[in-house]
Amino acid sequence: MKNLILFFSFLAIVSCNGQTDLESLKFDEKVSDNITKGGKETEANYGLLSYKQADVKNYKLGTVSFSEYTVPKGYDYSNNNLALFVNSYQNNQYLGFILNLAKEDEGKKLIDYLTKTYGHPEKRSTDKTGVAYFWDASAKNKWIFLTQTQELTQDNTKYTNTKLIVVKKGTRVENSSDPGTFSILDSFTLAYPKK
């Protein structure tokens, strides 16, 4: 019996440590075959190609882990989900990710982690019910965008949704190489102006 308990304890530790830390992914490197098994999607706001990951609990960001969570009586988008951006479906070079957290305490932990790791964010203008933050993490060659909004379920219950986008610094809408195309930062600034 003691050996069985030790075995299951070992399995629990291994599975926790088996999470992919999004901080460890390197820009411009080819993503693993496990990632490319995800469903292909184009991100709605910035037109970046991505692979939606089926199991968000297999990932973490630094010290913050994510759970499989769906808001009770929510809509199709009312859940924790993750998609990893690539430059193209042929080359599959990593550009960043989009993380949606519908579980409020995980959103708070995420903001705490980002603030401890990257310092206080640049606060942006939003409506009265939301927040928008930007970090220019130049040392890591990345831009970090976070928005938090109040959403409603199908029965009009409020919940807080946190959306995090991390991209390689300088990435343009639709990953365009045309210098006349807005960068992701330009586009974010139009939606959420500097205060």
Please name all residue pairs, on different chains or six or more residues apart, with Cβ atoms under 7 Å, provided the first residue is in segment 81-93 and is at pLDDT 95 or above and the second residue is small (G, A, S).
A83/S50; L84/S50; F85/S50; F85/G96; V86/S50
Single condition T160 does not satisfy, out of (1) farther than 21 Å from K52 by Cβ; (2) open to solvent by 40 Å² or more (accessible area, probe 1.4 Å)
(2)
Selection from segment 42-55 of residues that are under 13 Å from the mean Cα position of the chain (by Cα) and assigned to a strand (DSSP E or B)
S50, Y51, K52, Q53
Among (1) modelled with pLDDT under 95; (2) exposed (fewer than 13 other Cβ atoms within 10 Å of the Cβ), which single condition is G74 missing?
(2)
Which residue out of D136, D155, D186 is in a loop (DSSP other than H, G, I, E, B) and not aliphatic (A, V, I, L, M)?
D155
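Any residue at all in segment 56-71 that is part of a strand (DSSP E or B), modelled with pLDDT of 95 or more, charged (D, E, K, R) and within 15 Å of the chain's Cα centre (by Cα)?
Going residue by residue through segment 56-71, those that are part of a strand (DSSP E or B) are 59-61, 64-65, 70.
Going one step further and asking which of them are modelled with pLDDT of 95 or more, we end up with 59-61, 64-65.
Narrowing the set further to residues that are charged (D, E, K, R) leaves 60.
So of that shortlist, the ones also within 15 Å of the chain's Cα centre (by Cα) come out as 60.
So far as segment 56-71 goes, yes, one or more of its residues are part of a strand (DSSP E or B), modelled with pLDDT of 95 or more, charged (D, E, K, R) and within 15 Å of the chain's Cα centre (by Cα).
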Residue pairs meeting the criteria (Cβ under 7 Å; at least 6 apart or on separate chains; first touching a residue at least 24 places away in the same chain (Cβ under 8 Å), in segment 125-137; second open to solvent by 50 Å² or more (accessible area, probe 1.4 Å) and among the β-branched types (V, I, T))
A132/T126
Would you point out which residue out of I98, I144 is farther than 17 Å from T20 by Cα, buried (at least 17 other Cβ atoms within 10 Å of the Cβ) and of a type in the set (V, I, T)?
I144
Log entry, pairs with first residue in segment 38-56 being free of Cβ contacts under 8 Å to residues at least 12 places away in the same chain, second being open to solvent by less than 80 Å² (accessible area, probe 1.4 Å) and part of a loop (DSSP other than H, G, I, E, B), beta carbons closer than 8 Å, six or more apart or on different chains, reads T42/L48
Has segment 8-23 got any residue that is at pLDDT below 90 and part of a loop (DSSP other than H, G, I, E, B)?
yes
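The values are calculated or read from the model by the stated rules, or taken from the named source; none is laboratory data. Computed from a predicted model, the values in this text were never measured in an experiment. We place every Cβ from the backbone using ideal geometry, glycine too, and count neighbours over all the protein chains shown. Each accessible area value is taken on the protein alone, full model and side chains, heavy atoms only, with ligands, DNA and RNA left out. Shrake-Rupley method; radii C 1.70, N 1.55, O 1.52, S 1.80 Å.
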